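The values are calculated or read from the model by the stated rules, or taken from the named source; none is laboratory data. In this text, all values refer to a predicted model and were calculated from it rather than measured experimentally. So basically every Cβ, Gly included, is an ideal-geometry build from the backbone, and we count neighbours across all protein chains shown.
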Amino acid sequence: MRKIQVAIPLGCCLAVLAVYAWAQGRRAGLYEVTTTMTWQQSPFPAGMGPGATPYTTQVCVSQEQIDKYNGVPPQTRGECQVTNMVTKPDGYKADISCSGQMKSSGTVEATYDGEGHGKTKMHMTGTTQMGPNSKTVEYTSVSDSVYKGPDCGSVKPIPSAK
């Protein structure tokens, strides 16, 4: 149960990271994103939490998202905010903060090569609620993204932030 309590808010934060990774190469269409998260300070007892196992997903990015945000929306699920975003020809850097069950803040930085390959790194620190207790967390997520093509098939674009 505790793994689920941390996994849900952590998934939201990882979604933000993955959202940025999906826009690598700034082309609308389907992306395959592989993310690996490494804990510097885990809320789980030794050997009980998630390891650094890569997670791969496919995501559709719309042209509207690319045009409006120089990529995809900088906010997802209303739990994380991106501020101080600085874009450059080969990527961006920004601050990120998340609220909810996991309260954390950190930085996210992305680089891409224009050929549809990119890398995004996010480092976060904060606390998460595990039952009645608050536990300190610190982790780094690294995502590699690859553009698969303009046709998303059955994968729908992520809703744009409001």
**OP:** Show the residue pairs that are 6+ apart or on different chains and have beta-carbon atoms under 9 Å apart, the first residue being within segment 81-92 and within 17 Å of LYS119 (Cα to Cα), the second being among the acidic types (Asp, Glu) and assigned to a strand (DSSP E or B).
**Re:** MET85/ASP95; GLY91/GLU109; TYR92/GLU109
Original post:
Among the residues of segment 99-117, how many are assigned to a strand (DSSP E or B), more than 18 Å from VAL142 (Cβ to Cβ) and touching a residue at least 40 places away in the same chain (Cβ under 8 Å)?
Top reply: 1
Original post:
With respect to VAL137, is the statement that it is at pLDDT below 95, within 20 Å of ASP90 (Cα to Cα) and hydrophobic (A, V, I, L, M, F, W, C) true?
Top reply: no
Subject >> Residue match in segment 106-121 (condition: over 16 Å from TYR31 (Cβ atoms), exposed (fewer than 14 other Cβ atoms within 10 Å of the Cβ) and of a type outside the set (Asp, Glu)) >> reply: yes
Original post:
Can you tell me how many residues in segment 59-90 are more than 13 Å from the chain's Cα centre (by Cα), surrounded by 14 or more Cβ atoms within 10 Å (Cβ to Cβ) and at pLDDT 80 or above?
Top reply: 4
